[in-house]
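The values are calculated or read from the model by the stated rules, or taken from the named source; none is laboratory data. Small disclaimer: the values here were computed from a predicted structure and weren't measured. Heads up, the Cβs are rebuilt from the backbone with ideal geometry, glycines too, and the neighbour counts pull from every protein chain shown. All accessible areas refer to the heavy atoms of the entire protein, side chains included, with ligands and DNA or RNA removed. Shrake-Rupley method; radii C 1.70, N 1.55, O 1.52, S 1.80 Å.
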Amino acid sequence: KMLVTQLKSGEGYSSLQKTISIVIADFDIVNDSKKYHNVFQLREKDTGIKFTDIVEINTLELHKIPNTTDNTKKYEWLQFLSAEKEEDFDMLAEKNPVIKKAVVELRRLSQDEEMQILYDAREKAIRDENSRMRSALKKGINQGISQGVKQEKFEIAKNLLAMKLPIEQISQATKLSVQEIEKL
């Protein structure tokens, strides 16, 4: 389907771009191979003559990954995909800054719904505060910034209270004191 949808009416096959499918599995796909990564192309059955290189299927079998590294980025990513313990994620994150970003995002997405709401509210407050400060600095206006930031934190706290989140968690997310939140 990825090939067919590339063609517009009247276009020739020469306009097709290479299509690479990647299948990641935690079970045997290629029983006749001990390799964890196999690449398949279209070839003539008896002679092995390549028909085209426009279609390629890559299989990655997680349970076939060796215990020792082959020093490829692919190996590190497959270790990430097959990791089950926090220590494994931490170790991979230390080795590779790109995987570290993926670990941070995975943890963010894995939080329970209540923690996700708190995290998102806090991130929004930080972004809004940073945006306001940059804007004020550009305009040369330094007065009233802290009051505006505080007001926005109160608004976020009110919304979180309406969602019946515990005051301690709202305090943690907004950096407002428990007493300030109780007054709302």
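Taking the alpha-carbon distance from LYS74 and a cut-off under 19 Å, which lysines remain once sequence neighbours fewer than 8 residues away in the same chain are dropped?
By straight Cα distance, LYS74 reaches LYS34, LYS35, LYS64, LYS95, LYS100, LYS101.
Using just the helices of the chain, give the 222 nm mean residue ellipticity in deg cm²/dmol: DSSP H runs with n ≥ 4 each add -39,500 (n - 2.57), and the total is spread over all residues, rounded to 500.
Computed ellipticity for the chain at 222 nm equals -16000 deg cm²/dmol.
How do 66-75, 165-174 rank on mean C-beta neighbours within 10 Å, highest first?
Ranked from most to least packed, the peptides come out as 165-174, 66-75.
Kindly work out what percent of the DSSP beta bridges joining two residues of the chain are antiparallel, to the nearest 5.
So the antiparallel bridges in the chain amount to around 50 percent.
For LYS158, go through the lysines and keep the ones whose alpha-carbon is under 19 Å away, minus same-chain ones fewer than eight residues off.
LYS124, LYS150, LYS175, LYS183
Quick one: net charge around ILE29, please, counting Lys, Arg +1 and Asp, Glu -1 for every other residue with C-beta under 14 Å from its C-beta.
Once all neighbours under 14 Å are counted, the net charge is -1.
If N is the number of residues in the range 10-95, what value comes out of its Cα radius of gyration divided by 2.2 N^0.38 Å?
Normalised Rg, Cα atoms only: 1.42.
Please give the direction-averaged projected area of the C-alpha convex hull for the chain, in square nanometres with one decimal.
In nm², the orientation-averaged hull projection of the chain is 19.6.
Check cross-link reach from LYS8 to the lysines: straight Cα distance under 19 Å, and skip same-chain residues fewer than eight apart.
LYS18
Amide H of VAL23: which non-local residues (sequence gap of 5 or more, or other chain) have their own amide H closer than 5 Å, using H built in the peptide plane?
So VAL23 has HN proximity to ASN58, THR59, LEU60.
Would you work out what percent of the accessible area of the range 23-101, with all protein chains in place, is carbon or sulfur (probe 1.4 Å)?
Percent of accessible area from carbon and sulfur atoms in the range 23-101: 54.
Give the peptides 4-10, 57-63, 86-92 in descending order of average Cβ contacts within 10 Å, highest first.
57-63, 86-92, 4-10
Please report the antiparallel percentage of the DSSP beta bridges confined to the range 21-122, to the nearest 5.
60 percent
Hey, how many Å between the Cα centroid of the range 75-95 and the Cα centroid of the range 1-65?
27 Å
With unit charges on the beta carbons (Lys and Arg positive, Asp and Glu negative) and the dipole taken about the Cα centre of the chain, which residue among ALA25, TYR36, GLN111 sits farthest to the positive side?
Looking along the dipole axis, the top candidate is GLN111.
Taking a probe of 1.4 Å, how large is the accessible area per residue of the range 9-64, in Å²?
On a per-residue basis, the range 9-64 sits at 75 Å².
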